[in-house]
1. Please work out which residue is surrounded by the fewest Cβ atoms within 10 Å (Cβ to Cβ), limiting yourself to the range 33-59 and to residues that are under 14 Å from residue 19 (Cα atoms) and among the β-branched types (Val, Ile, Thr).
2. Quick test for you: out of 3, 9, 18, pick the one residue that is surrounded by fewer than 12 Cβ atoms within 10 Å (Cβ to Cβ), without any contact (Cβ under 8 Å) to a residue 60 or more places away in the chain and of a type in the set (Val, Ile, Thr).
3. Scan the range 20-63 for residues that are under 29 Å from residue 6 (Cβ atoms) and either outside any helix (DSSP H, G or I) or of a type in the set (Val, Ile, Thr) (or both) and jot them down.
Amino acid sequence: MEVLAVVLVAIGIIALRVISFFYPSWKEIKGEHLSERKRFGYGVLGIGILLLMFILSQFIIKI
């Protein structure tokens, strides 16, 4: 079960980087202008996914 918890946290860390940094940059490269509010929203979404994965991993460890 600990291995599954580590995998979930690793997925969360990767999702944080991809959603918070690479996705907005990719959108700007494609030519879509992102407002500061959308950039902040993507950052919050990435942190939220990481937090969700951490909480799920804690529940899995307790089982």
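Only the coordinates and a few stated rules stand behind these numbers; no lab work does. If you're wondering where the values come from, they're calculated on a predicted model, not measured in any experiment. Neighbour counts run over all protein chains shown; Cβ positions are idealised from the backbone, glycine included.
1. My answer is 44.
2. 3
3. Listed by number, the residues that qualify are 44, 47, 49, 55, 60, 61, 63.
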